[in-house]
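Structure first, then comments.
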Amino acid sequence: MRLREVADGLRCRLAQGSWDTEIRLVANDHRQVVPGALFVAIRGFTVDGHQYIPSAIERGANVIVTEQPVEASEDVTVLEVEDTRKALALIAANYYGRPTEKMSVIGVTGTNGKTSITYFLRSIYEQAGRSIGIIGTIGTLIGGELRKNKNTTPESLSLQQIFAEMADAGILNCVMEVSSHALSLDRVAHCRFETAIFTNLTPDHLELHRSMEEYFAAKARLFAMAEKHNIINADDPYGQRLIREAGSYRAKLLTYGIDQPADVYASEIEFTADGTTYRVHTPTGSAQITVHLPGKIYVYNSLAAIACAYAAGISLPDIQAGIGAVRGIRGRLEVVYKTDDYKVVVDFAHTEDSLEKALATIKPYTKGRVILVFGVYAAPGELGLSKRRGMGKVAARLADLAIVTSDNPKEQDPKAIIADVAAAIEEEGGNYEAIVDRREAIRRAVEICQSGDCILIAGKGHETTQIIGKEEIPFHEAELVREMFAEMKP
């Protein structure tokens, strides 16, 4: 492609060079540059891509997109823009042929519940004979092949490449988890969303957003982008606020819920240790639904998927069969070990709200003790203190014993994080032990587990690594649990 095609619609200044320059590749990492590449210099949180412009040119970049003046030889074209991150999103969409215009894209946002909604929708769409891909926390799924993502929502360049692969494979629908980071950092700019879904909003990611108001504003951006349907949880306080705001948007509003009046709602809910049944009501009919994941949260998440499928014109029998076909989701209240005496559950719960829901789901069906193993990843210092304390209080209230450990401490001091959590547990009169090493914390839980007890290991869910400092080390909780039980309780 020529530069004029790749930069179509971009507000920029041609500082030097030609619009007819041929582009062989688009890159925002200088290490991926090849001769004939266009290099976009992005200012990150820790690294400024502008410092790698000389390296990109040395590797053969013939176009540089920059926010500041660049010294380069005459054979290098230079485009100056106000914001290279926004420029990258447009350039990527153009370079890959605007693939989201060739498919129906569903964006799912909110603090908790996004992953399970994507998998419920995948099952429903497949039941209805509609092709669908997934982009999210567990990875990217294209035609049955699962690939790991660096972020919940990939950077715009990778994202547009994924969409193009889906379009080339004949996939006509995609459901994608849209993180607040992706919305704030313009990763999903120039994506065409047909439908947007809102789950809930509780404190998280305040290292980026600084306040719940900023966090909400980031999430709300998605609903101004949707073209056909906005699907919103009517039972969530922020959902109610979004409902009021979305009334002026072009997309049709469809609500779901249990307690508040909604377009799609559940009644006759029956909870068990292994799942839930309920009757779903839509504007055109009702059906009996079986969800093979326990707890109220999965009633909400399945309702969101049902509302989306209903809006897409999928029949209630296909919706019913699709929800029922989901037997489990990796790292979401996943039973990784179970005998007549012991049960171990792994869950991605990493916020106060999700931890409370996971514990509240497990506790009524546990004859013995609920032993909780968890850590907290939150913003450093005061910004993350409320999350650390909040999760500590939930643990004190709902777990019989909490073993407080590390999550992904990254470059924070894990002992300081644990101290904040432990202080909150003590204030609430809870029982706890503090063990910094997560492996040893799990081992301790297995060691003291008695007949009838249930161990909940929270925070990492599907993840198979742990990040300590800058090092990412293998860490597969399900495998560890099975090995430890085989060793200590054969």
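Taking Cα atoms only, the orientation of helix 114-127 departs from the longest principal axis of the chain by about 80 degrees. Modelled label positions at residue 259 and residue 151, each set 7 Å beyond Cα in the direction of Cβ, lie 3.4 nm from each other. From the alpha carbon centroid of region 374-451 to that of region 79-101 is 43 Å.
Between residue 385 and residue 4, what FRET efficiency follows from the Cβ-Cβ distance if R0 is 51 Å, with the result rounded to 0.05? Kindly include the intermediate steps, with their values, before the conclusion.
Details: r = 52 Å, r/R0 = 1.01.
The formula returns an efficiency of 0.50 here.
Taking GluC sites (Glu not before Pro) as exposed when DSSP calls them loop and at most 10 other C-beta atoms lie within 10 angstrom, the chain has its longest site-free stretch at 83-410. With respect to the chain, whose longest principal axis is taken over its alpha-carbon atoms, helix 382-398 is tilted by about 30°.
Its relative contact order, with pairs defined as Cα atoms under 8 Å and 6+ residues apart, puts the chain at 11 percent. Summing +1 for each Lys or Arg and -1 for each Asp or Glu among the other residues whose beta-carbon sits under 13 angstrom from that of residue 60 gives 0.
Using just the helices of the chain, give the 222 nm mean residue ellipticity in deg cm²/dmol: DSSP H runs with n ≥ 4 each add -39,500 (n - 2.57), and the total is spread over all residues, rounded to 500.
It comes out at -10500 deg cm²/dmol, rounded to the nearest 500.
The angle between the Cα long axis of helix 477-488 and the longest principal axis of the Cα atoms of the chain comes to about 40 degrees, rounded to the nearest 10. Of the solvent-accessible surface of the chain, computed with a 1.4 Å probe over protein heavy atoms with every protein chain present, carbon and sulfur atoms account for 46 percent. A straight line joining the Cα centroids of region 234-262 and region 334-372 runs 31 Å.
Taken over region 215-373, the ratio of Cα radius of gyration to 2.2 N^0.38 Å equals 1.13.
Write down the accessible area per residue of region 424-490 in Å², having rolled a 1.4 Å probe over the full set of protein chains. Present the calculation step by step, with values, prior to reporting the outcome.
Working: 3300 Å² over 67 residues.
Per-residue accessible area for region 424-490 comes out at 49 Å².
For residue 288, what charge total do you get from the other residues with a beta carbon under 10 Å from its beta carbon, if Lys and Arg give +1 and Asp and Glu give -1?
Working: positive: 279; negative: 268.
Result for the local shell: 0.
With each label modelled as a point 7 angstrom along the Cα→C-beta vector, the residue 29-residue 181 pair spans 1.4 nm. Number of Lys-Lys pairs in region 359-463 under 21 Å by Cα, sequence gap 8 or more or different chains? Step by step, the pairs that qualify in region 359-463 add up to 9.
Compute the signed sum of charges (Lys and Arg +1, Asp and Glu -1) over the other residues within less than 15 Å, Cβ to Cβ, of residue 149.
Details: positive: 114, 147, 148, 150, 187, 330; negative: 145, 155, 165, 177, 463, 472.
Summing Lys/Arg as +1 and Asp/Glu as -1 gives 0.
Average accessible surface for region 92-245: 33 Å² per residue, computed with a 1.4 Å probe over protein heavy atoms with every protein chain in place.
The residues of region 298-352 present an accessible area of 35 Å² per residue when probed at 1.4 Å with all protein chains retained.
For the chain, what is the charge dipole size about the Cα centre, in debye to the nearest 20, if Lys and Arg each add +1 at the Cβ and Asp and Glu each add -1 at the Cβ?
Working: 54 positive and 65 negative charges, 171 e Å.
I would put it at about 820 debye.
The values are calculated or read from the model by the stated rules, or taken from the named source; none is laboratory data. Not measured: the values here are computed from a predicted model. Heads up, the Cβs are rebuilt from the backbone with ideal geometry, glycines too, and the neighbour counts pull from every protein chain shown. Surface accessibility is based on the protein's heavy atoms, side chains included, excluding ligands, DNA and RNA. Shrake-Rupley method; radii C 1.70, N 1.55, O 1.52, S 1.80 Å.
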